[in-house]
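The values are calculated or read from the model by the stated rules, or taken from the named source; none is laboratory data. These figures come from a predicted structure and were not determined experimentally. Every residue, glycine as well, gets a Cβ built from its backbone with ideal geometry; the counts of neighbours run over all protein chains shown.
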Amino acid sequence: MRKIAILFIILSISLLGQKESPMAKEIKKIKFPEIEWKLPEVGVDIKRVELPSGAILFLKENHSVPLIEINIFIKGGSSYLENGKRAVSELFTIMIERGGTENFSPSEFAEKLEINAISFDITENGYYYGVNMLTDKNVIDTALVLLEEALFQPIFDYEIMKIEKRKLAMEWEKKLDDPNSLLKEISNLVLYKDHPAGGIPDFNLLETIDGNRLVELKDRFVQPSNMIIGIVGDFESEDMKQKIKRIFCKKYNTDEIIGEIPALTPEAPKKVYLYNIKRPQALFHIQHIGKSAPFPEMYNVMIMNFILGGGGFTSRIVKKVRVEKGFAYRTRSYYSTFSPLSGEFYVYCGTRQDAVHEASRCILEEIKRIREEEVSCGELKVAKESVINSTVTRLGNDWNYIPRLLSLEILGLPLNYYITLNDNIEKVDVDDVLNAARDFINPEKLSIVIIGDKEKIDLDAFREQFGEVEFINYEIPGI
């Protein structure tokens, strides 16, 4: 045994003294080309057309594969409805997708999609509905017929609706069994108190909803004048424009007023909120309301957040909480810069129950430090390069780029936002980062939302630091 140990030591010393391997030397010789910041421009590579109906249409030809993808953003969603109607908006999207149309029963519509290998789905994020259809170019006419029927001629089949209501309730039950989903829901409830953006869905209300109520939502939101359409793929632009112009026409506009998102209620007071649950690990957010898009300092905020906690292992919070202290496997910060409502700033952390207070203290120290001290030139350089390179990767093809272009349009951001992103990020300096931290993170408004065990978390330490600890419930009526 002793001989083995000696041999191991000798081998280790010899390996440490070795020069670079031949392969390592060859790798160092490789010259990687710089990433080219070249994106298609609206008006040059991408056509933007305002149709007579008021719909905005973006067209990008891409003949690399025989596919056509259609994305549609429809202004609307639960944030435009009364508090508690979140599940109603979710049911609405499901029923447009699966509830049948005037000319196709639910089963016939599903069969048409399947036979022609057409993908079709609708999502809702509170601020707009997202419609996505992907099809082979050879069946584009069939796909467009189905799209027109689903959007403008739905029937909201009663039997299908009963099934989908039950499935939606089960999905919410499953969501609340997931600690991360539960934390997000409770955090939104605290941030957007008494506002539809943070509202708890009311399934008792959902039970009273029938097809007539969904028709009212359709007439209010699903109007061509309220749509932004993006199409990318193997087509000729003029031909596609005429097809879309015929479908998304004035006859489908209604006199219904879409309305605006209600103003936010005053932000909840600074305190600690605890959802009591016995589980091995606690999760928490340190958070406050952010800024609505667009705002001129958004580039400074992006870099500041990357350095603070959004940049993975290079960020300060990850280095302190995970690497140095060993409190958490996952921790990060996030600052939303693409929200039509005032967005959010939060730091997420998952840690041992007995380490929650100490981990939160470390995070608050890093927030304090970034507001008081200039970041280093090295940190700034890494943050800029990382943000730029990751954006190039995400937008590396037309299929990814077009949906983001629709986001710019619906948020009122410049359509050359991504084209100028490189230059705008390069302009950010250490003073900009310091000012962003001071102007956009307010320690006096930070609350802590915890999912954890009250018997194991040091609540007295939190009371000493924050004052009141409020126990919070998240119960969905009707479930």
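Kindly indicate whether Lys270 is touching a strand residue (DSSP E or B) at 6+ places or on another chain (Cβ under 7 Å), of a type outside the set (S, T, N, Q) and in a loop (DSSP other than H, G, I, E, B). Give the steps one after another, and end with the answer.
Working: touching a strand residue (DSSP E or B) at 6+ places or on another chain (Cβ under 7 Å): yes; of a type outside the set (S, T, N, Q): yes; in a loop (DSSP other than H, G, I, E, B): yes.
The answer is yes for Lys270.
Screening Gly198 against (1) among the small types (Gly, Ala, Ser); (2) touching a residue at least 12 places away in the same chain (Cβ under 8 Å); (3) farther than 28 Å from Ile140 by Cα leaves a single unmet condition, (2).
Would you check if Ser390 is under 15 Å from Leu421 (Cα atoms) and among the polar types (S, T, N, Q)? Yes: the conditions hold for Ser390.
Working only within the stretch 437-479, note down all residues that are among the acidic types (Asp, Glu) and out of contact with any helix residue (DSSP H, G or I) (no Cβ under 8 Å at 6 or more places or on another chain). I'd like the intermediate steps shown before the answer.
So the first thing to find is which residues in the stretch 437-479 are among the acidic types (Asp, Glu), and the list is 439, 444, 453, 455, 458, 460, 464, 468, 470, 475.
Passing the criteria: Asp439, Glu444, Glu455, Asp460, Glu464, Glu468, Glu470, Glu475.
Within the stretch 345-356, residues that are assigned by TED's automatic domain parsing to the domain that holds Ala437 and buried (at least 21 other Cβ atoms within 10 Å of the Cβ) sit with their Cβ atoms under 6 Å from residues that are in a strand (DSSP E or B) and of a type in the set (Val, Ile, Thr), at 6+ positions apart or across chains, in these pairs: Val347/Ile286; Cys349/Thr331. Here Gly233 does not qualify as small (Gly, Ala, Ser), without any contact (Cβ under 8 Å) to a residue 40 or more places away in the chain and not assigned by TED's automatic domain parsing to the domain that holds Asn400.
Listed here are the residues, each with its yes/no results for (1) under 22 Å from the mean Cα position of the chain (by Cα); (2) assigned to a helix (DSSP H, G or I); (3) under 30 Å from Ser79 (Cα atoms).
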{"site": "Lys291", "(1), (2), (3)": "yes, no, yes"}
{"site": "Lys320", "(1), (2), (3)": "no, yes, no"}
{"site": "Ile363", "(1), (2), (3)": "no, yes, no"}
{"site": "Val375", "(1), (2), (3)": "no, no, no"}
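Of all the residues in the stretch 444-462, those that are at pLDDT 95 or above and assigned to a helix (DSSP H, G or I) number 4. When Ile228, Ile257 are screened for being crowded, with 17+ Cβ neighbours inside 10 Å, in contact with a helix residue (DSSP H, G or I) (Cβ under 8 Å, 6 or more places away or on another chain) and not in a helix (DSSP H, G or I), only Ile228 passes.
How many residues are touching a strand residue (DSSP E or B) at 6+ places or on another chain (Cβ under 7 Å), surrounded by fewer than 24 Cβ atoms within 10 Å (Cβ to Cβ) and at pLDDT 95 or above if we restrict to the stretch 289-310? Please lay out each step first, then the result.
First pass over the stretch 289-310, keeping only residues touching a strand residue (DSSP E or B) at 6+ places or on another chain (Cβ under 7 Å): 289-290, 301, 305, 308-310.
So of that shortlist, the ones also surrounded by fewer than 24 Cβ atoms within 10 Å (Cβ to Cβ) come out as 289-290, 310.
Of the ones still in play, those that are also at pLDDT 95 or above are 310.
Count: 1.
When the stretch 131-161 is filtered for residues that are buried (at least 19 other Cβ atoms within 10 Å of the Cβ) and either among the basic types (Lys, Arg) or part of a strand (DSSP E or B) (or both), the ones remaining, listed by number, are Val131, Met133, Thr135, Pro154.
Look at Glu385 and say whether it is in a helix (DSSP H, G or I) and surrounded by 16 or more Cβ atoms within 10 Å (Cβ to Cβ). When the stated conditions are applied, Glu385 does not pass them. Taking only the stretch 117-145 into account, find how many residues are out of contact with any strand residue (DSSP E or B) (no Cβ under 7 Å at 6 or more places or on another chain) and closer than 30 Å to Leu411 by Cβ. Residues in the stretch 117-145 being out of contact with any strand residue (DSSP E or B) (no Cβ under 7 Å at 6 or more places or on another chain) and closer than 30 Å to Leu411 by Cβ: 5 in total.
Every residue in the stretch 177-210 that is in a helix (DSSP H, G or I) and surrounded by fewer than 16 Cβ atoms within 10 Å (Cβ to Cβ), please. It would help to see each step written out before you state the result.
From the stretch 177-210, those in a helix (DSSP H, G or I) are 177, 179-191, 196-198, 203-207; that's our starting set.
If the condition is that a residue be in a helix (DSSP H, G or I) and surrounded by fewer than 16 Cβ atoms within 10 Å (Cβ to Cβ), then Asp177, Asn180, Ser181, Asn204, Glu207 are the ones that fit.
Looking only at the stretch 255-288, which residues are among the aliphatic types (A, V, I, L, M) and either at pLDDT 90 or above or under 30 Å from Met227 (Cβ atoms) (or both)?
Of all residues in the stretch 255-288, those among the aliphatic types (A, V, I, L, M) come to 257-258, 261, 263-264, 268, 272, 274, 277, 282-283, 286.
Within the stretch 255-288, Ile257, Ile258, Ile261, Ala263, Leu264, Val272, Leu274, Ile277, Ala282, Leu283, Ile286 meet the criteria.
Within the stretch 275-318, the only residue that satisfies the criterion of being within 19 Å of Glu358 (Cβ to Cβ) and either among the aromatic types (Phe, Trp, Tyr) or outside the structural domain of Phe440 (by TED's automatic domain parsing) (or both) is Phe284.
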